[in-house]
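*Asks:* Once you've had a glance at the structure underneath, I'll fire off some questions.
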Amino acid sequence: MTIPIIDLSPLWDSTSTGLSKVAQEFTCAFQDMGFAYIINHRVPQSIINEVFIQHRRFHALPLEEKNKIRLNQWHRGYLPLASYQVKSESKSKGILVEDTKKIVKAPNQS
């Protein structure tokens, strides 16, 4: 099984065909694999590099420091390795649920 690669360049041609194509690719990728590689996203390499630098800095911190920003009610924050458990019934049935048809927004900080 290979990780799907989703090309976002059809989004930049401003046609509904491009949007539909990319949306369908995301749907298939997340239903089949759960994640995907994204190419032609227009995120500058300098920003990507900075994210990796900050990622390494954060994960080099002692556990006590990382735990100061534990996962909050909006599911934002640090979740230590092996601190969660997937229920067997969700594995066998899948986790697909009906779309709520609304966007849920929450602040980045609590």
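Only the coordinates and a few stated rules stand behind these numbers; no lab work does. Not measured: the values here are computed from a predicted model. Counting neighbours? That spans all protein chains shown, and the Cβs are built from the backbone with ideal geometry, glycine included.
*Asks:* Note down the magnitude of the dipole of the range 5-74 about its Cα centre, charges +1 on Lys and Arg C-beta and -1 on Asp and Glu C-beta and zero elsewhere, to the nearest 20 debye.
*Replies:* Values: 7 positive and 7 negative charges, 67 e Å.
Around 320 debye, computed over the range 5-74.
*Asks:* What number, in percent, do you get for the relative contact order of the range 5-74 if the mean sequence gap of Cα pairs under 8 Å and at least 6 apart is divided by its residue count? Before the final figure, lay out the partial values.
*Replies:* On the way: 38 pairs, mean separation 21.2, N = 70.
Once normalised by length, the contact order is 30 percent.
*Asks:* Can you run phi through the Karplus equation (6.51, -1.76, 1.60; θ = phi - 60°) for the range 51-57 and list ³J(HN,Hα) in whole Hz, with x for Gly and Pro?
*Replies:* Each residue of the range 51-57 in turn: 4, 5, 4, 5, 4, 5, 4 Hz.
*Asks:* Which of the chymotrypsin sites (Phe, Trp or Tyr not before Pro) across the range 1-84 are loop residues per DSSP, with 11 or fewer other Cβ within 10 Å?
*Replies:* Numbers: sites: Trp12, Phe26, Phe30, Phe35, Tyr37, Phe52, Phe58, Trp74, Tyr78, Tyr84; in loops: Phe35, Trp74, Tyr84.
Hits after loop and neighbour filter: Phe35, Tyr84.
*Asks:* Using a cut-off of 15 Å between beta-carbons, work out the net charge of the residues near Gln54 (Lys and Arg +1, Asp and Glu -1, Gln54 not included). Please list the in-between numbers first.
*Replies:* Values: positive: Arg56, Arg57, Lys66; negative: Glu50, Glu65.
Net local charge, Gln54 excluded: +1.
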